[in-house]
Amino acid sequence: MPAPSTGSAAAPKAPDLGHHGDAEATPGLVDLAVNVRRAPMPDWLADPVTAALGDLAAYPDPAPARAAVAHRHGRPPEEVLLTAGAAEGFVLIARALSGVRHPVVVHPQFTEPEAALRAAGHRVDRVLLDPADGFRLDPARVPEDADLVMIGNPTNPTSVLHPAGAIATLARPGRVLVVDEAFADTTAAPGVDGEPESLAARRDLPGLVVVRSLTKTWGLAGLRIGYLLGDAALLTRFAAAQPLWAVSTPALAAATACAAPAAVAAERAIAAQLAADRDYLVARLSGLPGVRVAGRPASAFVLIHLARAADVRERLRAHGWAVRRGDTFPGLGPDWLRIAVRDRDTTDAFIETLARILEA
Ligand SMILES: Cc1ncc(COP(=O)(O)O)c(C=O)c1O
């Protein structure tokens, strides 16, 4: 597997791109390491998923789910490709675009896009956003000759939500621009009805591919369901790389249910509550000595900087709490931790433990 090129950034010491929060959320610990929302499935979702179990003898038919998702995002069905989670989308893109010459991944971000590119044999260039600048996107940092650019919005693990306009300036003919919006449904802004800064409905940007996931807000990580949105000709290429019947009938039922207007309205309400819970977590973290919250968090998790975070993480584990290490993300290091936003009681209990550890 080729090592990442040094490109426009200093050569990183290879972080483990295959590490994910679920490896840290071991049984018995309170899980602040994984960003999947844990709540009972609403009936409008559980009922069709369960009913689909009665249909398992038939091969899956993606057409109804594809139409429902297309309608949700104001696109024709040809501009939707259903996938076994966002993770499959990255693999299809990496395999189908075997001819790209200069793929660039904007970091820190979820590691699977780069892992998929490398597994498909690409030499990957990294653009590392600057913590001193709140990990904000500076589009000028992306090399002009990049013919594939991958960026997350909002970004895992920084929780930064880039302005849609800044990301849109990265689109151009001859370039595929992949925007991972796996957490777009977690974002909310006062006075904005829908998802602020989402490009999911933009059909005018050349080469734009938006990656979406239904596994986070709806707690469906084990079901595997997500989709790609973009130009029909591009999606046809990605579909050609996809195994037949990759998305199961229950997962398709979930995609249809989650695209309904009532589901989208429920998502908005969850995002608004999440924003309040996140503000609370940020306020409590900011009151701790030596803890610095990165950027302006906008998603279901918060990134913090503190000296000797790796030790603190171990101590938290000893006290029953799992948080996500930061050092496996390119552009971060051992002094970073990612913490999932939970309800206030959980946050209070966590902060109390963290405060005691820091005092000690
Ligand atoms: C930013 C981001 N994108 C995509 C994914 C993958 O999501 P899925 O479960 O839909 O494959 C994750 C999972 O953690 C993620 O954090």
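The values are calculated or read from the model by the stated rules, or taken from the named source; none is laboratory data. Being a predicted model, the structure only gives us computed values, none of them experimental. Positions of Cβ are generated from backbone atoms using ideal geometry, with glycine treated the same way; all protein chains shown enter the neighbour counts.
Quick notes on this one:
- Selected residue (criterion: nearest to residue 129 (Cα to Cα)) from residues of region 325-360 that are at pLDDT 95 or above, within 26 Å of the chain's Cα centre (by Cα) and basic (Lys, Arg): 338
- Within region 84-102, the residues that satisfy the criterion of being in a loop (DSSP other than H, G, I, E, B) and more than 8 Å from the ligand (Cβ to nearest atom) are 97, 98, 99, 100, 101, 102.
- Residue in region 118-128 that is touching a helix residue (DSSP H, G or I) at 6+ places or on another chain (Cβ under 8 Å) and closer than 30 Å to residue 267 by Cα present: no
- Here residue 251 meets the list (1) more than 16 Å from the ligand (Cβ to nearest atom); (2) surrounded by 23 or more Cβ atoms within 10 Å (Cβ to Cβ) almost entirely, failing just condition (1).
- Restricting region 223-235 to residues that are closer than 18 Å to residue 65 by Cβ and surrounded by fewer than 24 Cβ atoms within 10 Å (Cβ to Cβ), the residue that is farthest from the ligand (Cβ to nearest atom): 232
- Set side by side, the residues 204, 231, 145, 138 differ, and just one is acidic (Asp, Glu), outside the structural domain of residue 305 (by TED's automatic domain parsing) and closer than 26 Å to residue 252 by Cα, which is 231.
- Annotation note: of 50, 83, the sole residue that is surrounded by fewer than 17 Cβ atoms within 10 Å (Cβ to Cβ), out of contact with any Asp or Glu (no Cβ under 6 Å at 6 or more places or on another chain) and farther than 24 Å from residue 160 by Cβ is 50.
- Output for region 24-42, where each listed residue is exposed (fewer than 15 other Cβ atoms within 10 Å of the Cβ) and either farther than 20 Å from residue 213 by Cα or hydroxyl-bearing (Ser, Thr, Tyr) (or both): 26, 27, 28
- Test: residue in region 331-342 that is exposed (fewer than 15 other Cβ atoms within 10 Å of the Cβ), more than 22 Å from residue 18 (Cα to Cα) and not aliphatic (A, V, I, L, M): no
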